[in-house]
Amino acid sequence: MNIFHEIYASSYILLGFISLFATMGLSLLFNAFYEKKWYKRICCGAFIGYFLVVFCHTVLLRTSAAEPYGIIFIPFNSLKYAFQGNEEGFRTCFMNMLLFYPFGCLFFAINKIKKRKGIIYFCIGLLISLIIETLQYVFNLGLAEADDLIFNTLGVVIAYYLCALSERIITDVKIYLRKNKGK
């Protein structure tokens, strides 16, 4: 069985908990090893590796007969169908966010950006998604959808903010524990 199919068929709750658990784990590692060069190299390798996995799955391993071909420029089209009773629309949106969620986490682990926080993550998510959607269209590999751009980018931005939040919580807990160590 294809691992991507297994993930796609999993429950929203399970996938959400796994994502949050992974985010907290990455934040702990980030907090402990951010200053180490080897840590950044591992995170860069993971980022590139994950990009290659996504690129292979969404572009290289697809065949032109797999899906309909064309462009759908209508934003939130999947949600329109979902609210009309097609639950697959919600799953598509959720899975598009989840597919790009690791990009936000890994980029956060590589590069702690203080200024213009979310806009850089937004641009990275949009650029990676735009490359994939464009290649899918050019090589007749399926639909290039505005929803894919929106929800892929949203996945990167949500990952950034959750990583920043969990890293901040970890830092605050460490400070609290240091202050109250002898009490």
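Residue-level analysis places E133 among those that are modelled with pLDDT of 85 or more and either among the charged types (D, E, K, R) or more than 20 Å from the chain's Cα centre (by Cα) (or both).
Pairing each residue of the range 83-98 that is over 18 Å from F17 (Cβ atoms) and modelled with pLDDT under 85 with any residue that is open to solvent by 70 Å² or more (accessible area, probe 1.4 Å) and part of a helix (DSSP H, G or I), provided the two are 6+ apart or on different chains, yields C-beta distances under 7 Å for G89/Y81. For T153, indicate whether it is over 20 Å from N77 (Cβ atoms) and not hydrophobic (A, V, I, L, M, F, W, C). No.
For the criterion of being of a type in the set (S, T, Y) and touching a residue at least 60 places away in the same chain (Cβ under 8 Å), T134 fails. Would you call F107 among the hydrophobic types (A, V, I, L, M, F, W, C) and within 16 Å of the chain's Cα centre (by Cα)? Spelling it out, F107 is indeed among the hydrophobic types (A, V, I, L, M, F, W, C) and within 16 Å of the chain's Cα centre (by Cα).
Anything in the range 149-169 that is open to solvent by less than 20 Å² (accessible area, probe 1.4 Å), over 11 Å from the mean Cα position of the chain (by Cα) and not small (G, A, S)? List them, or say none. Result: C163, single match.
Among the residues of the range 143-183, the ones that are under 26 Å from R91 (Cα atoms) and among the acidic types (D, E) come to 3 in all.
The values are calculated or read from the model by the stated rules, or taken from the named source; none is laboratory data. No experiment lies behind these values; they were computed from the predicted model shown. Reconstructed Cβ throughout: ideal geometry from the backbone, glycine too, with neighbour counts over all protein chains shown. Quick note on the areas: whole protein, heavy atoms, side chains included, nothing else; ligands and nucleic acids left out. Shrake-Rupley method; radii C 1.70, N 1.55, O 1.52, S 1.80 Å.
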